[in-house]
Amino acid sequence: MVDKRIMGKVVYGVAVVAIAGLAFTNAAASGGESSARNKLVLMAPAAPGGGWDGFAREAQQAMKSIGTVNNIQVTNIPGAGGTIGLSQFVQMTGRHDMMMVTGGVMIGAVELANSDTTLDDVELVARLADDYAALVVPAKSDIQDLDDFIEVWREDPGGTSIAGGSLGSIDHLLTGYVAQKVGIDPADTNYIAYSGGGEALTSMLSGTTVGGISGYNEVADQVEVGTLRALAISSEERLPGVDVPTFKELGVDAVMANWRGFVGAPGITEEQKQEFVEIVTEFRDSQQWRDALERNNWTDSFMVGDQFADFVDNEITVTAQIIEGLGL
Amino acid sequence: MEQIMLLMEGFSQALTPMNLLWVLIGALLGTAVGVLPGLGSAMAVALLLPITFSLDPTAAFIMFAGVYYGGLFGDSTSGILLNTPGNSSAIASTFEGHRMARNGLAAKALATAAMGAFIGGLLATTVVVFFAPTLVKLATAFGPAEYFALAVFAFLAISSVVSDSIVKGLISLGIGLVLALVGVDGPSGTVRYTLGLPQLFDGISIVVITVGLLALGEVLHIAARIHRDPEALRIKPSGRPRLSRHDLRKAMPAWLRGTAFGLPFGIIPAGGSEVPTFLAYGTEKKLAKRRGDIEFGQIGSIRGVAAPEAAGNATAGTAMGALLALGLPTSATAAIMIAAFQQYGMQPGPLLFERSGDMVWTLLASLFIGLVILLIMNMQFAVLWAKLLLVPRHYLYAGITVLSVLGVYAISASTLDLWVLLGVGLVGFMMRRYQLPLAPVLIAVILGPLAETELRRALTVSEGDLSTLVSSPVTITLYIILAITLVVSGMQHMRHRRKEREGQASELTSV
């Protein structure tokens with residue numbers, strides 16, 4: 001009965017694969033009611049490989065390296081600029097073993113979708129790392145600096161197409177913000193949305209659009225080899241090792257950070273929230289996290305408590321106002 | 001030949017017993033997730049990522065190489081055997097592959113697929129080794145107008161798949177376009193057909209549609225007929241995986257044609273490997289018609305498996321080139337690989353070869369090793385996999401259902417996805433019941449949004465000036481080829497009709 005034996009093997013093989021698959025899924029989705037120090041789930045409201053996923057996994061590594069939490073899982077709930085993750089997270093009332101990654105993009109997405117669930121519905125824990133967006137043009141463009149660009153832009157806002165990430169992203173918001181600051185009606189701008197920085201990059205390299213706004217890290221190499229020219233960056237001060245002027249120093253007061261941080265579920269107690277803050281503070285000081293910041297070219301922007309709350313309030317106001325200006 | 005020297009160095013880094021073990025693990029894992037409907041290699045890499053943190057970079061890369069190509073070797077297996085492709089890249093090879101399996105040639109079809117995947121991947125990786133910088137130039141020649149031209153070109157080139165019955169084909173195409181419209185519209189942010197459900201804002205995942213339509217639809221179809229004609233459902237698992245010289249002579253040109261379709265598509269982020277696999281399938285179908293090949297569409301043609309499979313892996317190969325040289329992820333798997341590379345301080349992009357040259361060459365060598373291991377493994381597996389058909393129907397299809405649901409749930413842990421899956425599965429069942437072709441649905445889902453978004457981007461940039469669509473050498477060339485093809489096939493059609501009429505006339509006179 002050779003056939004039967006082989007069949008048995010096949011059935012067994014399928015069963016093993018199925019159970020392993022189940023186990024993976026289960027491990028990613030489950031969470032008990034133990035203390036955050038024992039078991040912590042980091043929810044990345046993005047697909048594996050997305051920006052917030054990378055952030056969550058870096059944080060996971062840093063926490064592991066100093067043993068501040070015993071067991072850390074990352075789970076992904078992707079979709080709609082993080083708003084799907086947010087709407088699920090607010091339903092986890094009182095879950096003191098779970099933090100969600102958040103950031104500027106989520107505020108934009110919430111405002112854009114007029115979502116009922118906002119960052120007001122969760123407990124703010126900390127802001128950890130920022131990066132900045134840059135305005136770039138193809139190297140063969142006649143535009144040499146920001147003044148040239150603004151001149152061309154003012155003359156013909158519609159003809160000066162700008163490529164960048166999806167609607168509501170930092171790239172998009174910055175386009176509207178800069179337009180406002182230089183006296184162009186944001187609703188007149190011609191923004192070409194791509195699903196990610198990588199795709200937007202091709203449109204800049206192919207010279208389809210006049211310019212592009214993208215996370216500086218995504219275009220840094222192209223700027224270095226000279227296929228793209230960076231005109232200005234959205235940071236407060238010049239970044240160390242980056243020879244690109246800021247919008248601010250060029251007379252356009254548009255400072256905007258693509259920040260990332262953590263929030264806790266609604267309904268947790270003050271002590272439980274404090275526990276989160278302590279965990280974050282501990283791993284933020286680790287060597288692993290410092291390496292992560294360097295590797296990803298993130299700027300340390302550590303902020304907790306009222307300072308963080310004020311920052312988020314201000315972000316929401318500014319974002320809402322820009323989105324309204326863009327006519328969305 | 002500086003590249004060869006560097007590549008040899010890469011091989012010397014990668015070829016250690018321990019590393020071979022890692023590539024084997026990666027290849028097994030990749031094949032496994034490839035076989036399972038819904039689970040893709042992106043998921044496998046994501047799950048592996050934390051494990052590889054503790055490995056040295058070479059070991060990690062070599063494992064990723066196994067997973068990366070393994071998924072593409074595996075995804076056609078379940079398609080050929082059970083008509084339920086593991087991933088969208090295997091849809092095109094399922095059509096003829098499953099026909100072959102039904103006629104007792106399962107093992108041969110699997111072997112053809114494995115060799116096709118090997119040849120496609122091998123040639124593509126070789127191209128990457130020697131021409132990576134040139135590839136980058138090609139990628140930057142594509143703007144929205146070029147993409148739109150490409151999408152139109154692909155639509156018409158693939159239309160031969162549709163042309164058996166125009167009305168039925170158009171109905172299927174319509175179903176696909178409706179499914180593709182769901183979600184937030186990228187250029188304007190408008191929400192379309194989401195029924196107010198935020199879970200649908202990102203649209204219906206192509207994985208859900210593929211698994212629902214092909215896997216679940218097939219299961220329902222089989223279940224509905226299991227008592228009516230049990231004999232028709234029985235597939236003979238016999239047959240050896242060895243390809244005769246005759247088979248090889250048939251398959252070789254198809255493998256090469258498929259590879260030729262796949263190579264350029266990996267570099268341009270235009271919907272992944274589905275478009276070239278369909279183009280390759282369409283071409284083979286046309287060639288078969290001209291040749292008067294009766295195998296194609298009836299008992300299953302080896303060429304119809306060979307070409308799309310080679311195209312799929314060739315795309316994956318050059319996609320890796322685009323990823324390394326441009327930092328441009330052209331697929332979900334590529335996107336997560338970027339994250340993995342960054343863990344090791346490798347920043348894919350124009351400076352990669354200068355900055356981390358030794359690691360890149362090790363990676364490229366790993367890709368070659370991965371391909372060889374996968375070929376050996378899959379040729380052995382072909383017989384074993386074919387034995388899967390000995391499992392009684394009801395167990396087998398129950399298993400497929402479980403795995404489909406599991407795979408879809410694993411994408412984003414959303415129960416709504418499962419309801420959508422069930423809905424699409426029912427649609428797939430009804431389409432089979434009324435003999436509507438399934439391929440046009442998937443073509444529409446893949447090409448529809450591409451054509452729409454790129455057309456609108458092109459016109460937004462030009463502020464509504466239509467001449468932008470024909471203003472570059474690439475677009476003009478594509479439209480000219482398209483026009484010539486249309487005229488030629490039109491003329492052929494006429495001649496065919498005339499001949500038919502003459503034939504009928506002569507038959508009448510002879511009687």
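A:GLN91 versus B:SER467, label points 7 Å from Cα toward the beta carbon: distance in nm?
Distance between the two pseudo-spin positions: 5.5 nm.
Return the equivalent ellipsoid semi-axes of chain B as a descending list in whole Å, where each equals the square root of 5 times an eigenvalue of the C-alpha gyration tensor.
In descending order, the three semi-axes are 34, 28, 25 Å.
Using a 7 Å offset from Cα along Cα-Cβ at B:SER165, what residues in segment B:71-109 end up with backbone N under 18 Å from the label point?
none
Using a Förster radius of 30 Å, what is the FRET efficiency between B:ARG393 and A:ASN71 based on their Cβ-Cβ separation? Nearest 0.05, please. Provide the component values of the computation, followed by the final result.
Working: r = 42 Å, r/R0 = 1.41.
Calculated transfer efficiency: 0.10.
Just checking the output field for A:82-88: average partner chain Cβ neighbours within 10 Å of each residue's Cβ?
Mean partner-chain Cβ count within 10 Å for A:82-88: 3.
Within 10 Å of each Cβ in peptide A:213-220, how many partner chain Cβ atoms are there on average? Round it to a whole number, please. Could you put the intermediate results ahead of the total?
On the way: counts 0, 0, 0, 0, 2, 2, 2, 4.
If you average over the peptide's residues, the count of other-chain Cβ atoms is 1.
How shielded is B:190-199 by partner chains, expressed as the average number of their Cβ atoms within 10 Å of its Cβ atoms?
2
Return the distance in nm (one decimal) between the two label points of a simple spin-label model at B:LEU197 and B:ILE481, each offset 7 Å from Cα along Cα→Cβ.
Placing both labels 7 Å along Cα→Cβ, they lie 4.0 nm apart.
If I take R0 = 35 Å and measure r between the Cβ atoms of A:GLU237 and A:GLU282 in this structure, what FRET efficiency does the formula 1/(1 + (r/R0)^6) give, to the nearest 0.05?
Given R0 = 35 Å and the Cβ-Cβ separation, E is 0.80.
Given the peptides B:87-96, A:61-70, A:161-170, arrange them by the average over their residues of other C-beta atoms within 10 Å, most packed first.
On the way: B:87-96: 30.0, A:61-70: 17.5, A:161-170: 27.2.
Descending packing order for the listed peptides: B:87-96, A:161-170, A:61-70.
Quick one: if you stick a label point 7 Å off each Cα along the C-beta vector at A:VAL255 and B:GLU2, how many nm between them?
Computed distance between label sites A:VAL255 and B:GLU2 equals 4.5 nm.
Which whole-number percent is the relative contact order of segment B:47-137 (Cα, under 8 Å, 6+ apart)?
Relative contact order, segment B:47-137: 18 percent.
Which of A:VAL244, A:LEU40, A:ASN217 sits farthest toward the positive end of the charge dipole of chain A, with +1 on the Cβ of Lys and Arg and -1 on the Cβ of Asp and Glu?
A:LEU40
Can you tell me the order of A:227-233, B:468-474 when each peptide is scored by its average per-residue count of other Cβ atoms within 10 angstrom, highest first?
With the highest mean Cβ count within 10 Å placed first, the list reads A:227-233, B:468-474.
Among A:ALA200, A:SER161, A:VAL318, whose Cα lies farthest out toward the positive end of the dipole of chain A, if unit charges sit on the beta carbon of Lys, Arg (+1) and Asp, Glu (-1)?
The residue sitting most towards the positive pole is A:ALA200.
Normalised by the residues of chain A, what does the relative contact order come to in percent, with Cα pairs under 8 Å and at least six apart? Please report the intermediate quantities before stating the final value.
On the way: 602 pairs, mean separation 80.5, N = 328.
Relative contact order for chain A comes out at 25 percent.
Sum -39500 (n - 2.57) across every DSSP H segment of at least 4 residues in chain A, then divide by the residue count to get the 222 nm mean residue ellipticity, nearest 500.
After summing the helix terms and dividing by residue count, I get -14500 deg cm²/dmol.
I'd like the Kirkwood hydrodynamic radius of segment A:58-161, using the inverse of the mean 1/r over distinct C-alpha pairs, in Å. Please report the intermediate quantities before stating the final value.
Working: mean 1/r = 0.0569 Å⁻¹.
Its Kirkwood hydrodynamic radius stands at 17.6 Å.
Given the C-alpha centroids of segment A:204-237 and segment A:166-203, what is the distance between them in whole angstrom?
Cα centroid to Cα centroid, the span is 13 Å.
Take each of the peptides B:280-292, A:290-302, A:207-219, average the number of other beta-carbon atoms within 10 Å over its residues, and list them starting from the highest.
On the way: B:280-292: 19.3, A:290-302: 16.4, A:207-219: 23.6.
The peptides rank, most packed first, as A:207-219, B:280-292, A:290-302.
Report the percentage of all Cα-Cα pairs in chain A whose separation exceeds 27 Å, rounded to a whole percent. Don't skip to the answer; put the middle values down first.
On the way: 25661 of 53628 pairs.
When all Cα pairs of chain A are counted, 48 percent exceed 27 Å.
How big is segment B:102-153 on each of its three principal axes, counting only the C-alpha atoms and giving the largest first in Å?
Answer, in whole Å and largest first: 47, 31, 9 Å.
Under DSSP H, which helices of chain A have Cα atoms covering 18 Å or more of the helix axis and a Kyte-Doolittle average no less than 0.0?
On the way: long enough: A:2-29 (41 Å, 1.17); A:51-66 (23 Å, -0.64); A:270-284 (21 Å, -1.01); A:305-325 (30 Å, 0.04).
Answer set is A:2-29, A:305-325.
Percent relative contact order of chain B, based on C-alpha pairs within less than 8 angstrom and at least six residues apart?
Computed over chain B, the figure is 27 percent.
Name the residue from B:THR477, B:ALA311, A:MET303 whose Cα lies farthest towards the positive end of the charge dipole of the protein assembly as shown, charges +1 on Cβ of Lys and Arg and -1 on Cβ of Asp and Glu.
In the protein assembly as shown, that residue is B:ALA311.
Counting helices only, and only those DSSP H runs with n ≥ 4, report the 222 nm mean residue ellipticity of chain B as the sum of -39,500 (n - 2.57) divided by its residues, in deg cm²/dmol to the nearest 500.
Calculated mean residue ellipticity at 222 nm is -25500 deg cm²/dmol.
Please list, or write none, the lysines whose alpha carbon is within less than 19 Å of the alpha carbon of B:LYS137, excluding same-chain residues fewer than 8 places away.
Once the sequence-local lysines are set aside, what remains near B:LYS137 is A:LYS140.
As a test of understanding, state the convex hull volume per residue of segment A:131-233 from its alpha carbons, in Å³.
Expressed per residue, the convex hull around the Cα atoms of segment A:131-233 is 83 Å³.
Treating only the Cβ atoms of Lys and Arg (+1) and Asp and Glu (-1) as charged, compute the dipole magnitude of chain A about its Cα centre; round to the nearest 20 debye.
So the magnitude is around 1840 debye.
How many percent of Cα pairs in the protein assembly as shown exceed 35 Å?
Numbers: 172396 of 351541 pairs.
Here the long-distance tail beyond 35 Å is 49 percent of all Cα pairs in the protein assembly as shown.
Is any residue of segment B:9-25 close enough, with backbone N under 11 Å, to a label point placed 7 angstrom from the Cα of B:ILE376 along the Cα-Cβ axis, and if so, which?
Within reach of a label on B:ILE376: B:20-21, B:24.
So, with +1 on the Cβ of K and R and -1 on the Cβ of D and E, and no other charges, what is the size of the charge dipole of chain B about its Cα centre, to the nearest 20 debye?
About 1920 debye.
What is the magnitude of the charge dipole of the protein assembly as shown about its Cα centre, with +1 placed on the Cβ of each Lys and Arg, -1 on the Cβ of each Asp and Glu, and no other charges, expressed in debye to the nearest 20? Could you put the intermediate results ahead of the total?
Numbers: 54 positive and 73 negative charges, 1228 e Å.
Charge dipole of the protein assembly as shown: 5900 debye, to the nearest 20.
A:ALA320 to A:VAL225: extension gain in nm, 0.36 nm per residue of separation minus the Cα-Cα distance?
Full-extension gain reported as 30.5 nm.
Just so you know, all these numbers are worked out from the coordinates, no wet-lab data involved. Please read these numbers as outputs of a predicted model, since none were measured by experiment. When we count neighbours, we look across all protein chains shown, and the Cβ atoms used for this are built from the backbone with ideal geometry, even at glycine.
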